[in-house]
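Engineer: After the structure tokens below, expect a handful of questions from me.
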Amino acid sequence: MAKYCKNNRVLEASAKLLESSTFELNEENDQATAVFMTREIAKNAGFNLADEVMVATAVSELATNILRYASCGRIRVIVIQNGDGRTGIEIGAEDKGKGIRDLKLAMQDNYSTAESLGLGLPSVERIMDEFEIESEIGQGTRIRARRWL
Ligand SMILES: Nc1ncnc2c1ncn2[C@@H]1O[C@H](COP(=O)(O)OP(=O)(O)O)[C@@H](O)[C@H]1O
Ligand SMILES: [Mg+2]
């Protein structure tokens, strides 16, 4: 299982889970629901409008990838709290699709196997404070990313 982490940092294990919502993704409507609900969750967690939109954009990109490259999967949106009492949103995206051959390449701007923009994954990495992606050919892909308030 290959793994790539933003700033070479794995996610801290200690974050406390406050609230969790899971969105199954099988068709485009499910993506719209996940994006809409993420905005609500982020707003309720205290994110301002701009940050709420950023987190929802990350979910939108990850949902697009799941539907496009793996056909189906799920996204979990979790409200978390770290040891200092700081609130954050954690996005977990996972699928059992074909996986990604070269993670370093996939994380580069403008790399796409679908002849699209190739900016989805790099945008999610930039939007989120913490980001990790694991993938294995034939097994699937798993992403976890956090943005702190
Ligand atoms: N969930 C996934 N399963 C398999 N391959 C993926 C997945 N997500 C991304 N990829 C691969 O990584 C590449 C880059 O993704 P992304 O940055 O979102 O750009 P784009 O979707 O425009 O190609 C995709 O072209 C695809 O090859
Ligand atoms: Mg994409």
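Engineer: Using amide H atoms built in the peptide plane, which far-off residues or other-chain residues are under 5 Å from L119 H to H?
Structural biologist: N110
Engineer: Still on this model: What's the angle, to the nearest 10 degrees (0 to 90), between helix 49-65's Cα axis and the longest principal axis of the chain?
Structural biologist: Long axis of 49-65 versus the principal axis of the chain: about 30 degrees.
Engineer: Return the loop-located trypsin sites (Lys or Arg not before Pro) in segment 67-141 (DSSP other than H, G, I, E, B) with at most 13 other Cβ atoms within 10 Å of their own Cβ; answer none if there are none.
Structural biologist: Those satisfying the criteria are R86, R101.
Engineer: Let me ask something else about it. R9 to N82: FRET efficiency via 1/(1 + (r/R0)^6), r the Cβ-Cβ distance, R0 22 Å, to the nearest 0.05?
Structural biologist: FRET efficiency, R9 to N82: 0.95.
Engineer: What nm value, rounded to one decimal, do you get for the distance between T64 and L17 when each label is placed 7 Å out toward the C-beta?
Structural biologist: Here the answer is 2.9 nm between the modelled labels.
Engineer: Per-residue HN-Hα couplings for segment 5-19, Karplus 6.51 cos²θ - 1.76 cosθ + 1.60 at θ = phi - 60°, whole Hz, x for Gly and Pro?
Structural biologist: Listing the rounded values in order: 10, 4, 6, 6, 10, 6, 5, 5, 7, 7, 4, 8, 8, 9, 6 Hz.
Engineer: Still on this model: What ranking of Y4, Y69 emerges when the number of other C-beta atoms within 10 Å of each C-beta is taken as an exposure proxy, fewest first?
Structural biologist: In order of increasing Cβ crowding within 10 Å: Y69, Y4.
Engineer: Under the Karplus relation 6.51 cos²θ - 1.76 cosθ + 1.60, θ = phi - 60°, what is the ordered set of whole-Hz ³J(HN,Hα) values for segment 22-33, x standing for Gly and Pro?
Structural biologist: Along segment 22-33, the couplings run 10, 10, 6, 10, 10, 8, 4, 4, 5, 5, 4, 4 Hz.
Engineer: Find, among the GluC sites (Glu not before Pro) in segment 95-149, those assigned to loop by DSSP (not H, G, I, E, B) with at most 12 other beta-carbon atoms within 10 angstrom.
Structural biologist: Counting only loop positions with at most 12 other Cβ atoms within 10 Å, the GluC sites (Glu not before Pro) in segment 95-149 are E115.
Engineer: Which value, in debye to the nearest 20, describes the size of the charge dipole of segment 3-149 about its Cα centre when Lys and Arg Cβ atoms bear +1, Asp and Glu Cβ atoms bear -1, and nothing else is charged?
Structural biologist: 300
Engineer: Still on this structure, I have one more. Using a 7 Å offset from the Cα along the Cα-to-Cβ direction at both I137 and T33, what is the distance between the two label points in nm, to one decimal?
Structural biologist: 3.5
Engineer: Over the chain, what number does the Rg to Rh ratio reach, with both radii from the alpha-carbon atoms and Rh per Kirkwood?
Structural biologist: 0.94
Engineer: Give me, ordered by chain and number, the residues 5 or more places off F131 or on other chains with an amide H under 5 Å from its own placed amide H.
Structural biologist: It is K6, R146, by chain and number.
Engineer: Same structure again: Step through the residues of segment 112-128 one at a time and calculate ³J(HN,Hα) from phi using the Karplus curve (6.51 cos²θ - 1.76 cosθ + 1.60, θ = phi - 60°), rounding each to whole Hz and writing x for Gly and Pro.
Structural biologist: 8, 8, 10, 6, 10, 5, x, 10, x, 4, x, 5, 4, 4, 6, 5, 8
Engineer: Express the relative contact order of the chain as a whole percentage, based on alpha carbon pairs under 8 Å and six or more residues apart in sequence.
Structural biologist: For the chain, the relative contact order is 30 percent.
Engineer: Mind counting lysine pairs for me in the chain? Cα separation below 29 Å, and the two need to be 8 or more apart along the chain or on different chains.
Structural biologist: 12
FYI, it's all coordinate maths here, none of it is from the lab. Note that the structure is predicted; figures quoted are calculated from it, not measured. Here the Cβ is made from the backbone with ideal geometry for all residues, glycine too, and neighbour counts use every protein chain on show.
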